[in-house]
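The values are calculated or read from the model by the stated rules, or taken from the named source; none is laboratory data. This is a predicted model, so every value here is computed, not measured. Backbone-built Cβ (ideal geometry, glycine too); neighbour counts: all protein chains shown. The protein model used for the area step is the full one, side chains on, heavy atoms only, and it has no ligands, DNA or RNA in it. Shrake-Rupley method; radii C 1.70, N 1.55, O 1.52, S 1.80 Å.
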Amino acid sequence: MILEKKDIRALSKEELRNFFVGLGDKAFRGNQVYEWLWSKSAHTFEAMTNLSLETRTHLETHFTINNIKVDSIQRSNDGTIKNAVKLHDGFIVESVLIPTKSRTTACVSSQVGCSLDCLFCATSRLKRMRNLNPDEIYDQVVAIDKESRLYHNRPLSNIVFMGMGEPLMNYKNVLGSIEKITSPEGLGMSPKRITVSTSGVPKMIRKMADDDVRFHLAVSLHSAIQETREQIMPFAKSFTLDDLRDALIYWYEKTNRAITYEYIVWKDINDKKEDIDALVRFCAHVPCKVNLIEYNPIDDGQFQQAQDAAVDAYISGLEKVRVPVTVRRSRGKDIDAACGQLANKS
Ligand code: SAH
């Protein structure tokens, strides 16, 4: 009989402790292994040098460590680094390191492909194959942290769930990864430095509010007019702006935390006064800020970045009603590492 080995990092600390007790060993052994797996990011049982050879062999026969492998690294002129990350079953996802003067941000993937259908996003063209496990998300962060130290001489400071996939469609595992990232037994990072970005899944936004999560929420809005939003993000027919608005109000009432709206201004799609007026009205529902993202072309030109004048009109429209607005310059475009460009081209 071939024993199906289990991913050891699917076990909680308690389960690991019980495993050792079951063997007639000390529960404490479970703590030691847990520390190797998470805060020390051991990739093999062999590396767990404070365990006896017998214990290590035992673990080896029962478990695997499904660690990721950084398959290739691309470095952009602007310091951005893109990792193609191979998962234990051969699938590849991408994660990105984005350095600025004051911080280093990791942009991580939460799914292989994506089940949503945003027409402007390269990832939406890849079928969703599977969700990432908490450890696979955690490993991406660890890999970027190492690169940040190596290439930029400083640890990672921020994490955004803006890589491949829709984090709220893999909610449990995303939360599991954040638990490890923020735990002192993991990376010990503050949840305030983490942003989960969603295309807007109302039911899950409510769930997050109920779960009293501590990280930030960003919503990829792109239009505050229902018909327009449906055209560019067809799934929005089922997840309407009205539902989204109600969920965001609920979020704010529960968490007291402002929301960031991500927004691209496209030529002839949402660059008119009525689009700005609709966004201004939408922004009145909950305290928020708007991040105007530069569009990264992914193909033929159905979508084109709007003229600067249109972006300026958005800025002044929002500033008039005192909604903070930032313009995010694209990074890593030359290596297809910018937002919406992650599609495993290689
Ligand atoms: N599914 C999540 C996270 C992944 S997308 C979400 O939608 O928020 C991360 C961000 O990149 C989103 O704001 C998304 O709208 C944006 N994006 C997608 N394609 C883009 C493109 N081609 N150019 C610029 N931003 C893009």
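Residues of region 206-225 being surrounded by 15 or more Cβ atoms within 10 Å (Cβ to Cβ) and away from the ligand (no atom under 12 Å from the Cβ), which ones?
First pass over region 206-225, keeping only residues surrounded by 15 or more Cβ atoms within 10 Å (Cβ to Cβ): 206-209, 213, 215-225.
Scanning region 206-225 gives R206, K207, M208, A209, V213, F215, H216, A224, I225.
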Practice task
Being under 21 Å from K172 (Cα atoms) and part of a helix (DSSP H, G or I) narrows it down to one of R214, R206, R229, so name that one.
Solution key: R206
Problem - Options S115, S102, S124: the member that is more than 11 Å from G163 (Cβ to Cβ) and either part of a helix (DSSP H, G or I) or modelled with pLDDT of 95 or more (or both) - result: S124
Practice task
Taking the options I232, I259, name whichever one is within 13 Å of the ligand (Cβ to nearest atom), open to solvent by less than 70 Å² (accessible area, probe 1.4 Å), under 24 Å from R125 (Cα atoms) and modelled with pLDDT of 95 or more.
Solution key: I232
Fill in the blank from the handout: Inside region 187-200, the number of residues satisfying the requirement of being within 16 Å of the ligand (Cβ to nearest atom), part of a loop (DSSP other than H, G, I, E, B) and open to solvent by 10 Å² or more (accessible area, probe 1.4 Å) is 1
Practice task
Kindly provide the set of residues from region 246-256 that are surrounded by fewer than 19 Cβ atoms within 10 Å (Cβ to Cβ) and within 16 Å of the ligand (Cβ to nearest atom), ordered by number.
Solution key: none
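Please tell me if S238 is closer than 27 Å to Q111 by Cβ, within 13 Å of the ligand (Cβ to nearest atom) and assigned by TED's automatic domain parsing to the domain that holds V108. Step through it out loud before you land on a result.
Details: closer than 27 Å to Q111 by Cβ: yes; within 13 Å of the ligand (Cβ to nearest atom): no; assigned by TED's automatic domain parsing to the domain that holds V108: yes.
Judged against the criteria, S238 is not a match.
Of the residues L51, L16, which single one is out of contact with any Asp or Glu (no Cβ under 8 Å at 6 or more places or on another chain), part of a loop (DSSP other than H, G, I, E, B), surrounded by 14 or more Cβ atoms within 10 Å (Cβ to Cβ) and not small (G, A, S)?
Working: L16 fails: part of a loop (DSSP other than H, G, I, E, B).
Matching residue, one of L51, L16: L51.
Looking at V141, V93, which is the one that is within 15 Å of the ligand (Cβ to nearest atom) and within 26 Å of E294 (Cβ to Cβ)?
On the way: V141 fails: within 15 Å of the ligand (Cβ to nearest atom).
One residue alone meets the criteria, V93.
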Handout entry: F303 vs. criteria out of contact with any helix residue (DSSP H, G or I) (no Cβ under 7 Å at 6 or more places or on another chain), hydrophobic (A, V, I, L, M, F, W, C) and closer than 16 Å to L221 by Cβ
Key = yes
Fill in the blank from the handout: The one condition H43 fails out of (1) closer than 21 Å to K180 by Cα; (2) modelled with pLDDT of 95 or more; (3) surrounded by fewer than 17 Cβ atoms within 10 Å (Cβ to Cβ); (4) not assigned by TED's automatic domain parsing to the domain that holds L156 is (2)
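Step by step: first the residues of region 68-112, then only those that are charged (D, E, K, R) and more than 19 Å from the chain's Cα centre (by Cα), then the one that is surrounded by the fewest Cβ atoms within 10 Å (Cβ to Cβ). Which residue is that? Break it down into steps so the answer makes sense when it comes.
Within region 68-112, the subset charged (D, E, K, R) is 69, 71, 75, 78, 82, 86, 89, 94, 101, 103.
Now narrow it down to the ones that are more than 19 Å from the chain's Cα centre (by Cα): 71, 75, 78, 89, 101.
Working: D71: 13, R75: 16, D78: 16, D89: 9, K101: 4.
Per the criteria, the residue is K101.
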Completion exercise
Within region 155-177, the residues that are in contact with a strand residue (DSSP E or B) (Cβ under 6 Å, 6 or more places away or on another chain) and open to solvent by 10 Å² or more (accessible area, probe 1.4 Å) are L156, S157, N158, V160, M162, G163, G165, N173
Practice task
Evaluate region 114-134: report whether one residue or more is of a type in the set (F, W, Y), touching a residue at least 12 places away in the same chain (Cβ under 8 Å) and open to solvent by less than 10 Å² (accessible area, probe 1.4 Å).
Solution key: no
Practice task
With the condition kept exactly as written, say whether any residue in region 61-72 is in a loop (DSSP other than H, G, I, E, B) and farther than 27 Å from R193 by Cα.
Solution key: yes
Fill in the blank from the handout: Residue pairs qualifying under the 7 Å Cβ cut-off, at least six apart or on distinct chains, with the first in region 149-175 being free of Cβ contacts under 8 Å to residues at least 12 places away in the same chain and more than 16 Å from P134 (Cα to Cα) and the second being open to solvent by 10 Å² or more (accessible area, probe 1.4 Å) and away from the ligand (no atom under 16 Å from the Cβ), are R149/P155
Handout entry: Test result for F282, buried (at least 19 other Cβ atoms within 10 Å of the Cβ) and more than 13 Å from the ligand (Cβ to nearest atom)
Key = yes
